[in-house]
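Structure, as structure tokens:
The values are calculated or read from the model by the stated rules, or taken from the named source; none is laboratory data. Please read these numbers as outputs of a predicted model, since none were measured by experiment. Here Cβ is always computed from backbone atoms with ideal geometry, including for glycine, and neighbour counts include all displayed protein chains.
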């Protein structure tokens, strides 16, 4: 028996609310997942049922309450150098002929930071220096994840799959009470700025043009019209020779007027003449 009363109508409301707030198209198969992730909020608020929680949220929920709701229902699966071929492509792109003297990357779904730090490591390796001419903006809708990302501290197990060279060059091992922890090198931290961003918001904390945008394993949570709308806003933020990186299961055959494929889940603005990236 469930701890809290939970009906199909409750799940339908949850799906409508998360779509409205974050654009996420929550599948019918996620009914149990949604319940499991919201139970902590129900307990904390002393609610007797999911319906009671949703009623309170819609009636008097403040910004923090809605943020907790979104945080609970967003998925944050990430790791260092996930889909490694993208970082190889990025390294070549950063070294391209005619690149601007200072390049900018937007990591638009930073989660707990592993992707952003992987981008920073790639930039350092591409220029063989700890102060490469690269700036990285890392955003996410989940503020709890961003807080963890900004701390730049991870269990040592999280970096075990990295090469010994990368572990030694880009991380500091904790000692004493911090044993078992690894901190991202301060030089890398200076390359990255973290900021909250809901991709559905009318305004984003971004300015100017980017040489690369990483938006991986995000579009799969949106329906096709939302994908088109977001691509229509994100791609114009790229330089003409910029690259858009998507997740391995994402494709944009329905958006050929906006982007064109130039590699394995790598896209260029449809307006550009960039050749194959990988």
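Taking the options 134, 184, name whichever one is modelled with pLDDT of 95 or more, surrounded by 13 or more Cβ atoms within 10 Å (Cβ to Cβ), in contact with a strand residue (DSSP E or B) (Cβ under 8 Å, 6 or more places away or on another chain) and farther than 21 Å from residue 79 by Cα. Write out each step before concluding.
Numbers: 184 fails: farther than 21 Å from residue 79 by Cα.
Matching residue, one of 134, 184: 134.
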Mind listing whichever residues of the range 33-82 are in a helix (DSSP H, G or I), touching a residue at least 40 places away in the same chain (Cβ under 8 Å) and closer than 17 Å to residue 22 by Cα?
54, 57, 58, 66, 67, 69, 70, 71, 73
When the range 172-225 is checked residue by residue, the ones that are part of a loop (DSSP other than H, G, I, E, B), touching a residue at least 40 places away in the same chain (Cβ under 8 Å) and closer than 21 Å to residue 68 by Cα are 197, 198, 199, 200, 204, 205, 218, 222
Does residue 231 qualify as being touching a helix residue (DSSP H, G or I) at 6+ places or on another chain (Cβ under 9 Å) and assigned to a loop (DSSP other than H, G, I, E, B)?
no
Filter the range 48-67 down to residues that are touching a helix residue (DSSP H, G or I) at 6+ places or on another chain (Cβ under 7 Å) and under 19 Å from residue 2 (Cα atoms) and give me whichever is surrounded by the fewest Cβ atoms within 10 Å (Cβ to Cβ).
51
Considering only the range 241-260, I want to know if a residue exists there that is touching a residue at least 60 places away in the same chain (Cβ under 8 Å), within 17 Å of residue 141 (Cα to Cα) and crowded, with 16+ Cβ neighbours inside 10 Å.
no
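Being farther than 30 Å from residue 39 by Cα and touching a residue at least 12 places away in the same chain (Cβ under 8 Å) narrows it down to one of 161, 128, so name that one.
Details: 128 fails: touching a residue at least 12 places away in the same chain (Cβ under 8 Å).
Going through 161, 128 in turn, just one is farther than 30 Å from residue 39 by Cα and touching a residue at least 12 places away in the same chain (Cβ under 8 Å): 161.
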Return the residues of the range 102-113 that are closer than 12 Å to residue 214 by Cβ and outside any strand (DSSP E or B); say none if nothing qualifies.
108, 109, 110, 111
Does the range 17-47 hold any residues that are at pLDDT 90 or above, under 23 Å from the mean Cα position of the chain (by Cα) and surrounded by fewer than 17 Cβ atoms within 10 Å (Cβ to Cβ), and which are they?
36
